[in-house]
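Asks: Dumping the structure here so I can ask a few things about it.
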Amino acid sequence: MTGLSTIISKKIVKPLSPTPSTQRWHKLSLLDQGIGNFYMGLVLFYPKHQVDTFQIEPKQLSTLLENSLSKALTYYYPWAGSLRDNATIDCDDTGAKFLDVEVNCPMDKVLYHQDSSIKNIAFPQGVPLRNAADGACLIVSQLSHFECGGIAISVCLSHKVGDARSALFFVRDWAALTRDPNAELVCPPYFVQDSLIPSPSDGPLAFPVIVSKPEERIELEKRFYFSASKIRALKDLVAAESGVENPTTTEVVSALVYKSAAIANLGSSHEQSRLILLSDIRKEISHSVSSTSIGNILTIFSTPIYNNKEDLKVSKLVADIRKSKHELSNRDNFKENDWASAMLHAYKTGEGTYRQINCDVYRCSSASNIPFKDLDFGWGKPIRATMPSSPFSKMFYMMSTHDKGIEVIINLNEQQMSAFENDKDLLEFATPAHVED
């Protein structure tokens, strides 16, 4: 893997303007405190013919991105800071790490390769799965130049500061400042800090409860692609069988993936299982700031616990997901946040976040409605936007593709993955994502 890339330069990019002393300390919410200081990653691929329209040399392109990143960090100053303790970021303008890299293969080899280590070559080596070391930059970015003339822009951001929607806002604004270096942000980011989900009354969490342990990772990662036509067919099938009106893409795809994974694991551990889904709750914030709010502004909802294979029908799962979502929409998810409750329980008992459930727990994080595929730095939208491998077992991510399909990235152990990837119901609607369309 290391032989495929060569680092041209490695720099620390600092905010263009110093962060005011009045903004020196960034107080983390309870959810931020519960999440470890590990990186979430995004990579955007742009082919040669798009980059050529920008008429800029590779060295100049690197400088352009560094300069716009510096300006973006002025607005997103907590990500340019350093972690003081589990509840506070020192906005000390430490800066972001920026790597300029040559990749010794064509872009297609990375885009469509089955080996996750090859797919991750467009990320700073080892960063996506890793916890940030003490004093490490909270943002690490990489510009990759492929032999074919295409490029990839990747960014790894500390999950401690914000969630996937926050990452979108950051990269969206970085892209806008690249397109027009003289621009100013019309709607600058709003950092909610601990204003919505504050620390417990007895003080902040001294340590996180959701942590990345890549050294213990033994799972296999696979990616599956659901085309727009297959998603429509799955929706039609579910609607006819369940009576659920207008089932969403997230509902039907997450139900099918979970069902196939759970059945693949029957008999090897718990007979019972459930699906937990993350939900963005920005819609409950004032409209004036909801579109630019930065932080982990999330909660969870779940299906019931299912006891056996007969319970695991996609139509039933979708109906249960819809019911749980409806219950979620009828309460104040800042005052009654199930994810915060799970974190507090884990912190006080020393158990894993979901171990009190006493069954196999599958987790789904859907970014299918987050438009990463539309991010334009000045040479058009990417031909693919994707994420790196996940450090968490029985976890799957969903991302939209440029052709209105869905990419699913899932981690399972080897035995379970072998059964999962041969599941007939799954393969009726999905294909391995490394197969070129």
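Asks: To the nearest 0.05, what FRET efficiency results for residue 187 and residue 308 with a Förster distance of 60 Å applied to their C-beta separation?
Replies: Between residue 187 and residue 308 the formula returns 0.75.
Asks: While we're on this one: Quick one: compute the contact order of region 5-191, relative version, from alpha carbon pairs under 8 angstrom and 6+ residues apart, as a percent.
Replies: It comes to 33 percent, rounded to a whole number.
Asks: On to the next question. When the solvent-accessible surface of protein heavy atoms is calculated with a 1.4 angstrom probe, in what order do 280, 320, 180 fall, highest first?
Replies: The ranking, largest first, comes out as 180, 280, 320.
Asks: Modelled label-to-label distance, residue 369 and residue 424, 7 Å Cα→beta-carbon offset: nm?
Replies: Simple spin-label model gives 3.5 nm for this pair.
Asks: Heavy atoms only, probe 1.4 angstrom, no DNA, RNA or ligands counted: give me 287, 402, 345 ranked by accessible area, highest first.
Replies: Descending accessible area places them as 287, 402, 345.
Asks: Would you please name the GluC sites (Glu not before Pro) within region 298-350 that are DSSP coil residues with at most 12 other C-beta atoms within 10 Å of their C-beta?
Replies: Within region 298-350, the qualifying GluC sites (Glu not before Pro) (loop, at most 12 other Cβ atoms within 10 Å) are 336.
Asks: Rounded to the nearest 0.05, what FRET efficiency is calculated for residue 236 and residue 133 with R0 set to 45 Å and r the Cβ-Cβ distance?
Replies: 0.35
Asks: Round to a whole angstrom and tell me the spacing of the C-alpha centers of region 254-331 and region 397-437.
Replies: Their Cα centres are 18 Å away from one another.
Asks: Simple spin-label model, 7 Å along Cα-to-Cβ: residue 4 to residue 49 in nm?
Replies: Each label point is offset 7 Å from its Cα along the Cβ direction, giving 2.5 nm.
Asks: Let me ask something additional. Give the percent of DSSP beta bridges with both residues in region 219-432 that are antiparallel, rounded to the nearest 5.
Replies: Antiparallel: roughly 65 percent of the beta bridges in region 219-432.
Asks: Given 0.36 nm per residue, what is the gain on full extension from residue 59 to residue 147 after removing their alpha carbon distance, in nm?
Replies: 30.2 nm
Asks: Sticking with this one: Quick one: which of 387-397, 412-422, 14-24 comes out on top by average Cβ neighbours within 10 Å, and what's the full order, highest first?
Replies: Answer by packing, highest mean first, reads 387-397, 412-422, 14-24.
Asks: Now a separate question. If you average the sequence gap of Cα pairs under 8 Å that are 6 or more apart and divide by the length of the chain, what percent do you get for the contact order?
Replies: For the chain, the relative contact order is 22 percent.
Asks: I need the phi-derived Karplus couplings for region 171-180: 6.51 cos²θ - 1.76 cosθ + 1.60, θ = phi - 60°, integer Hz, Gly and Pro marked x.
Replies: Each residue's phi maps through the Karplus curve to give 5, 4, 6, 4, 5, 4, 6, 7, 4, 9 Hz.
Asks: Share of region 257-309's accessible area from carbon and sulfur, percent, 1.4 Å?
Replies: Taking all protein chains in place, region 257-309 shows 52 percent carbon and sulfur surface.
Asks: Taking the simple approach of a point 7 Å from Cα along Cα-to-Cβ for both residue 245 and residue 272, what is their distance in nm?
Replies: Taking the simple label geometry, residue 245 and residue 272 are separated by 3.4 nm.
Asks: Select one label from (1) 66, 64, 47; (2) 59, 54, 40; (3) 90, 45, 40: the one whose number is Cα extents along the principal axes in Å as derived from the coordinates shown.
Replies: Calculated Cα extents along the principal axes in Å: the matching label is (2).
Asks: Further question on the same structure: Which value in Å is the Kirkwood Rh of region 5-191 over different Cα pairs?
Replies: 16.9 Å
Asks: Using alpha-carbon pairs under 8 Å, 6+ residues apart, how would you state the relative contact order of region 386-433 in percent?
Replies: 28 percent
Asks: Further question on the same structure: Compute the length gained on full extension between residue 415 and residue 358: take 0.36 nm times their separation in residues and subtract their Cα-Cα distance, giving the result in nm to one decimal.
Replies: Contour length minus the Cα-Cα distance gives 18.4 nm.
Asks: Another one. What are the ³J(HN,Hα) values, in whole Hz, obtained from phi via the Karplus relation 6.51 cos²θ - 1.76 cosθ + 1.60 with θ = phi - 60°, for each residue of region 83-91 in sequence order, with x given for Gly and Pro?
Replies: Couplings: 6, 7, 8, 5, 10, 9, 10, 8, 7 Hz.
Asks: Considering the zone a paramagnetic label at residue 403 would reach in this model (a point 7 Å from Cα along the Cα-to-Cβ line), which residues of region 105-123 have amide N under 18 Å from it?
Replies: 108-114
Asks: Starting from 0.36 nm per residue, how many nanometres of slack lie between residue 85 and residue 180 once their C-alpha separation is accounted for?
Replies: Extra length from residue 85 to residue 180 when fully extended: 30.6 nm.
Asks: To the nearest 0.05, how large is the calculated FRET efficiency for residue 105 and residue 351 if R₀ is 51 Å and r is the Cβ-Cβ distance?
Replies: Result of the calculation: an efficiency of 0.70.
The values are calculated or read from the model by the stated rules, or taken from the named source; none is laboratory data. Since the structure is predicted, the reported quantities are computational estimates derived from the model, not experimental observations. Every residue, glycine as well, gets a Cβ built from its backbone with ideal geometry; the counts of neighbours run over all protein chains shown. Quick note on the areas: whole protein, heavy atoms, side chains included, nothing else; ligands and nucleic acids left out. Shrake-Rupley method; radii C 1.70, N 1.55, O 1.52, S 1.80 Å.
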